[in-house]
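Read the figures in this text as sums done on the coordinates, not as results from a lab. None of these values were measured; they are calculated from a predicted model. In this analysis, Cβ positions are derived from the backbone assuming ideal geometry, glycine residues included, and neighbour counts consider all displayed protein chains.
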Amino acid sequence: MLQLFYSHFSLIVSSIFFTGTFALAAPTADFSIQISQDKAVKSLILKPSTEHHFNLKAPSQAQRTKGKDTQPLSLKLESTSGSVVLGPLDNNCEITLELYICDDNNTYCVPQKKLLQCNDLNQQVVGAKPLDLATKSATEKKSSADELFIFNEPELALDQSQKTKKPLLVDFFGTWCPPCNVLDETVFNTPEFKQLKQDFVYLKLDADHPISWDLKSKFNVQGYPTVIFANSKGEEISRVVGSRSAKSFIQEMKSALKYKTLSLDERKKRADAVTLPEETWAFGEMYLRQEDKVNALKYFSLAAKKKNLKDKEKDLLQYLPLALMAKSSDKNLQTQSIELLKISLINFPTEETFYDKISLLNKYTEEQNDEKLKTWVQEQTLVIVDLWLKNPKLTTNTEMTVADLWSLKSAAYEELKRENESKAAYKKTAEAYLDLIQKQKLNVESSRGYNIERIYAIYKSGDFDTAERLYSQMQKIYPFEFTFFYNHAQMLKEMKKDTESYEKAEQAYKYSYGDNKLRAVYLMAELQSQKGDKKKALSLLDEVIKTTPLPANENVRTHRYVSRLKKLKETISAQK
C-alpha cells in the first residue's frame, strides 16, 4: 500500500530542492537622533539610515506623554532630515517618535518607533554625537544571549559565515512567542550553547520586521521559533521548529556540524545512493521539517530498505501517504484518508505526528462542518493525553512537557464545552508551567516564555484577579513591549470589559511594530465597532491597510494579517 500511495503522488508532485545562496538584505530601515539647542529651546535632529529616506506622505508623528495626557510636538520632516522641537519637559514624561522610512529604491516603507525618557533628555548635554540614551527601538530584543548573536543583520552574518567557513544558525523569533522566549531562557544562555559559538555564526532575525522577509521566504518559515542551520553557501542543513530542551537542541547543532562542508547536491547524491541509511533518513527529515512531505517520503522510503525502524519511524512512513491523500483534489481519496487517519491516530499515538494528524482532521471537520468528527477528535485527544500522563515513559524521549499535555487537555475540554473540566485542566496547566519555571531555575516574577502561557492558563481557569495582577506586574517589568498589554487586552475583551480592553489595546499598539501592529489594530477596530464608533474603526483600518508594506512573497504571514484587516473592514462597512 505504501508504494502504491507513493507512486500515485510522485506523478503529480514534482521534487523541490532549496538551492542558491542568501539574498543579501538591505541596510535596516531606522533613524538616528541628535540633540541641539537654540537659546533655551532643545530640539531633536533626525536622520534616516543609509540608503533610506523619510516618507513625507505617511502619518509620522512626535508626541509627549505624561500619565494619560498626550500632546503633539512640532515635527518637521524633509526627505533626508527632520527635527522635533521639545519645549519644556517634566521629568516624568516620555517622547514618542514614529516615523515612516523607505529604502531609496522605494521597494518598501516601514514605520519605526522610538521612545525617549524626558529625564534623560533633560540631563543630556548638547553635542554633535548621536544620543547615547536608553531609547527603546521597536525592533530591540534583549536577552542574556544577546552578545552571542548578530541581530537583524543577515548580510553581515552571511559575510562572516563565508569568510570563516562556519555554518549559520539563524533564529527566527517573535517577542510575543512563548517558545521563542523559552529558547532564549533555557537554551541560548547555557554554557554548551555559548561554547558552540566557536563553530557557528549566530544570527537572530525578528520575524515581525521586514529585514526578515527575504530569508523567511527563502527557507519557507511558517512558524516561530524556527531555527535554521545552513552551510556557508546559505544552503539548509536542518532546522528546529518550536522549543527544545537544551540537551536536544545541542544534539541538533552537533548533527548539523557533520554536514557543514557538504553542499546540498553532495548530500542529495549520498542520500540517493543510500551510502548510510541514517544519512538518507536525516535528509528526509530535513524535507519533513520544511513541510515538503513528498521528498520526505521519498527519502524515508529509501532509508527504510536498509535500516531497522523504530515505532515513530514506522508511524511516519504510514502517516505521510495519508497526509498527501488528505490534500488530494479527489474527494473519494480525501474521505478515505480521513478514515485511515483516525485509525492511525489510535494505533500510532506518537508525538512526532500527533499534532499533524489532529490538524488535518480538524481542518476537514471545518471544511465539511462535521460536528460528529469534531467531537471524536477532541475525545480521542483526551484519551491519548491521559495515556501519556499516566505513562510518562511514553514521552520521555520527546519534547512534550507535562504543561503541553495539560494544555492539550484544557483545549479539548473547552472545544467539547465541558466548562468545569476545562477550567480545572487550565489550573493544572498553570501549575505545570510554574513547575517548569522552578525546575529551570528561572525567575518566577520575570520569566517571559513560560509566564506568557502560565498567565493565560490562570485566566482561562477563571482566576481573573490573579491573571489581572500578573499581567500588570509583567507590564511594569516590560513597559515598552507589546506582548503583555495585548494579551491583557484580549482577556479583558472576553470578560466584556471593553473600555479597559481598549486602553490596553492602545498601549499594545503604541509599543508594537510589523505584524504585531496589525494584530493590535484588528483588536482596536473590533472594540471601536462594538461600541458603535464605526467611523473611527474604518478610519483606523484604512490608514493601516494603506501604509503597511507587503513582502513580495505572499506566503509571508504579513499578507494574512492584512487580509484579516480587509475582511474586518468589509464586515464593519456592511453593518447598519
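Here is how the numbers come out for the structure above:
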quantity	calculated
q = 0.10, 0.11, 0.12 Å⁻¹: log10 I(q)/I(0) that the Debye formula gives for the chain, counting C-alpha atoms only	-1.00, -1.21, -1.42
Additional length obtainable on full extension of the chain from residue 375 to residue 546, 0.36 nm per residue less Cα span	57.4 nm
Dipole of the chain, positive direction: furthest Cα of 572, 451, 547, with charges on the beta-carbon	572
Efficiency of FRET between residue 438 and residue 220 - r from beta-carbon atoms, R0 30 angstrom, step 0.05	0.20
Sorted by Cβ neighbour density within 10 Å, fewest at the top, the residues 554, 468	554, 468
Whole-angstrom gap from the stretch 311-330 to the stretch 459-493, using each part's C-alpha centre	41 Å
Per-residue ³J(HN,Hα) for the stretch 503-514, Karplus 6.51 cos²θ - 1.76 cosθ + 1.60, θ = phi - 60°, Hz, x for Gly and Pro	4, 5, 5, 4, 5, 4, 4, 4, 9, 10, 7, x
Neighbour-count ranking [beta-carbon atoms within 10 angstrom, fewest first] of 163, 357	163, 357
The stretch 42-118-the stretch 363-427 distance, computed between alpha-carbon centres (Å)	48 Å
Convex hull per residue volume in Å³, alpha carbons only, for the stretch 372-574	165 Å³
3J(HN,Hα) from dihedral phi, the stretch 371-379, Karplus parametrisation 6.51/-1.76/1.60, rounded to Hz, x for glycine, proline	5, 5, 5, 4, 5, 4, 4, 5, 5
Low-density loop positions, trypsin sites (Lys or Arg not before Pro), the stretch 419-472 - DSSP coil, at most 10 other Cβ in 10 Å	441
Fraction of alpha-carbon pairs over 16 Å apart in the stretch 31-123 - percent	53 percent
³J(HN,Hα), Karplus 6.51/-1.76/1.60, whole Hz, each residue of the stretch 523-537, x for Gly, Pro	5, 4, 5, 4, 5, 4, 5, 4, 8, x, 8, 4, 4, 5, 4
DSSP bridge pairs, the chain: antiparallel proportion in percent, nearest 5	85 percent
The stretch 50-106: GluC sites (Glu not before Pro) falling in loop per DSSP and having at most 13 other Cβ within 10 Å	51, 78
Over 18 Å [Cα-Cα, the stretch 146-307], rounded percent	58 percent
Spin-label model distance (nm) - residue 421 vs residue 306, 7 Å beyond Cα toward Cβ	4.9 nm
Values of log10 I(q)/I(0), in the order q = 0.25 Å⁻¹, for the stretch 309-393 under a Debye, Cα-only, solvent-free model	-1.30
Residue-span extension gain [residue 331 to residue 194] - 0.36 nm each, minus C-alpha spacing	44.2 nm
Separation of alpha-carbon centers, the stretch 507-573 and the stretch 208-283, rounded to whole Å	34 Å
Over the chain: helical MRE at 222 nm, DSSP H runs n ≥ 4 each giving -39500 (n - 2.57), nearest 500	-16500 deg cm²/dmol
Extension gain (nm, one decimal) between residue 566 and residue 535, 0.36 nm per residue minus Cα-Cα	9.7 nm
Assigned charges on the beta-carbon of Lys, Arg, Asp, Glu; the stretch 146-307 dipole about Cα centre (debye)	900 debye
Qualifying trypsin sites (Lys or Arg not before Pro) in the stretch 62-95, DSSP loop, other Cβ atoms within 10 Å at most 11	68
